[in-house]
1. Counting other beta carbons within 10 Å of each Cβ, put Glu150, Glu129 in order, fewest first.
2. Going 7 Å from the Cα of Arg162 in the Cα-to-Cβ direction, what parts of the stretch 168-210 have a backbone nitrogen less than 12 Å from that spot?
3. Using amide H atoms built in the peptide plane, which far-off residues or other-chain residues are under 5 Å from Gly119 H to H?
4. Can you flag which of Lys28/Lys87; Lys122/Lys170; Lys101/Lys170; Lys87/Lys170; Lys28/Lys122 are past 24 Å Cα-Cα?
5. Which of rounded, prolate or oblate describes the stretch 87-229 when judged by the alpha-carbon gyration tensor and an a/c cut-off of 1.5?
6. According to a simple spin-label model (label point 7 Å from Cα along Cα-to-Cβ), what is the distance in nm between Thr176 and Asp50?
7. Starting from the Cα gyration tensor of the stretch 149-209, take the square roots of the eigenvalues, sort them a ≥ b ≥ c, and report rounded, prolate or oblate (rounded when a/c is under 1.5, otherwise prolate if a/b is larger than b/c, else oblate).
8. Would you list which lysines come within 16 Å of Lys165, measuring only between C-alpha atoms, while excluding same-chain residues fewer than 8 positions from it?
Amino acid sequence: MYWQDDDADQAVAIPDDIIDVQFAIDAKRLPVDHGCALGAAVAAALPWDDGQVALGVHTIHVAGSQNGWQRPEHGQDQFLMLSRRTKLTIRVPRAHAEALKAALAGRVLDVAGCPLTVGAAKERALSRETTLFARYVVDPHDQDEARFLEWAAAELRAMDIRLRKALCGKALPLATPDGPLPTRSLLLANLDIEDAVRLQRLGLGPRRAIGCGLFIPHKGIDAVQSTPR
């Protein structure tokens, strides 16, 4: 853990060159570990070559429990039960947002054998919140918590982002065609608003297309202790 108190952030304008596009979806279930399969399904539906446009495909998150159902632990052979309120969110340059919506709306994606129908979309600006959370950040050296935080701090400094408070979760490997990918969750608190927006725009580490390094607003530190999906 790294913790340093400081003064409040001032209000700043939020750049709108990067946005989140949020799609309604219709799907009964997805594997708990679905990031790589979802990223591949989205990429296959797009009108541009893989890597030509920088997309961040957020993994799909559901509540820990609903109607007696409990979210299962990590694994491709475990499944999330989705509700009609569940959304698919993709972070994209605004210049490509309309093409993204046109490519995905009405499409049925095959996510590891689970059909997912993509519905209507709406655009959302990046958040002004100064506490941000990433469910998965690639751990480049599969290292312990202290070394991971040292690496993250160095990466943030290189992006001119001032680190005040940071807390990482337990190591969690994600399934990929090349084998398990080591990741950790990461919460950053008390960022300057400018830094928070920059971090959402740039992300941290590689593999944004499978849900890694993508930061979302967060209200507290509890959830980072156990990484929910």
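1. Details: Glu150 13, Glu129 18.
With the sparsest Cβ surroundings first, the list reads Glu150, Glu129.
2. 190-196
3. Ala24, Ile25, Asp26, Gly106
4. Violating the 24 Å Cα-Cα cut-off are Lys122/Lys170; Lys101/Lys170; Lys87/Lys170.
5. Oblate, since a/c reaches 1.5 and b/c is not below a/b.
6. Distance between label points: 1.2 nm.
7. Working: a/c = 2.41, a/b = 1.77, b/c = 1.36.
Prolate, because a/c is 1.5 or more and a/b exceeds b/c.
8. Straight-line reach from Lys165, under 16 Å: Lys219.
Here, each number is a calculation from the coordinates, and none is a lab measurement. Keep in mind it's a predicted model, so treat the numbers as computed, not measured. Note: ideal-geometry Cβ built from the backbone for every residue, glycine included; neighbour counts use all protein chains shown.
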